[in-house]
Amino acid sequence: MLATQRSISGSSQSPRSPSSQPFLSVSITDPVKLGNGVQAYISYRVITKTNFPEYQGPEKIVIRRYSDFVWLRDRLFEKYKGIFIPPIPEKSAVEKFRFSAEFIEMRRQALDVFVNRIASHHELQQSEDLKTFLQADEETMERLRFHETGIFKKKPSDLMQIFKDVQSKVSDVVLGKEKPVEESNPEYEKLKHYIFELENHLAEAQKHAYRLVKRHRELGQSLSDFGKAAKLLGASEGNALGKAFSELGAKSEALSFKLQKEAHQLLMNFEEPLKDYVRAVQSIKATIAERANAFRQQCELAETMKLKEINLDKLMLTRSDKVAEAEHEYKELKADSEEATRRFETIVRLMNEEIVRFQEQKTIDMGVAFHEFAKGQARLANSIADAWRSLLPKLESCSPAQ
């Protein structure tokens, strides 16, 4: 997201002013490398400004690391079924890129977007886990990370296998490969197809955006190398031709700088937003998998309840002494079944709301990204044309008369 909503209301009033509208804004700043070797990591300064009465004050600054952001994402995913939890940037698998300035800035920007998406969401912003993340001291956060149960206690190898299983499960659910109890809803099928196609198209666009960034950088490097060679050639000539060569080299080096700068802008304002939306779609697919699980549980409990009811009727007809126990089991199962139905219906309702919100935000963000792309390319093309055009008179003066 390029234009992250920093404030729910956009109010510029003081945080504790009685007339100010509710707002919650977060800034992720000042990435710093701490530790050495495999223990090294990046810490971030998280600055929160709000007038929410449940927060400790109008401004709070804490230090967080990447695993704290992962903790927040995981907690929200477990508690808010049906809501599309904003995606988090992935870890770099290549050691040499982990601490490069460009990677650190890309991650900082993505983490900033992640937290502000949560802060601007009408339900997620009320999360106790978000309040903890934004206000707790570092020791408390470390304790919370290491005292989680279930998936959080597993070894990295176990987590990798779980991740692969979830990926397979999500793909099966989205593609309709799973044959056991499935929802037969035309609108839901249309949604799954749309999400699957959207992921493919976004991934393809992101792949080519990466190639554009790479091409700009390669052309910039080539112009830089050519510029140096042209300047050396100019230095070996003492006449007007030598001066023209020197100016040609200087222009080439200047254009090289512009291309490298534009490549960076293209990366941050075009490729990264596309990559972020690929992650967002994967988050939606995870919610689709949760919906499929909820539907399956609802159906299984309903079927089990029918069998229990038949068994209870038989026991009552035979005046069995097990009737009381069977009635108790039936009531418990009925309560579980009703709860499963409510859970499924809540997920459906929230997903319907979320997909509308997602599409509206996607329209805005993609519009901004493609506008920035076109504007940057036009700016670059004009700079290149102006640079070469300014050289033409000098180069023409060195050419023999036509």
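Listing for the model above:
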quantity	calculated
Cα convex hull of segment 247-402 - mean projected area over all directions, nm²	14.5 nm²
Potential extension, residue 293-residue 331 segment - 0.36 nm per residue separation minus Cα distance	11.4 nm
Entries in 49/79; 79/314; 60/285; 131/207; 60/258; 79/214 that, when Cα-Cα distance is taken, lie over 29 Å	79/314; 60/285; 131/207; 60/258; 79/214
Euclidean distance between Cα centres, segment 198-239 to segment 23-56, Å	36 Å
Segment 170-297, relative contact order [Cα under 8 Å, separation at least 6], %	39 percent
Rounded to whole Hz, the Karplus (6.51, -1.76, 1.60) HN-Hα couplings of segment 275-290, x for glycine and proline	5, 4, 6, 4, 5, 4, 5, 5, 5, 5, 4, 5, 5, 4, 5, 5
For segment 184-281, projected area of the alpha-carbon convex hull averaged over all directions, nm²	7.0 nm²
For q = 0.11, 0.13, 0.14 Å⁻¹, Debye-computed log10 I/I(0) when each Cα of segment 37-129 counts as one equal scatterer	-0.37, -0.51, -0.58
Theoretical gain in end-to-end length, residue 128 to residue 374 [0.36 nm per residue, Cα-Cα removed]	84.4 nm
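Read the figures in this text as sums done on the coordinates, not as results from a lab. Just so we're clear, the structure is a prediction, and the values are computed from it rather than from any experiment.
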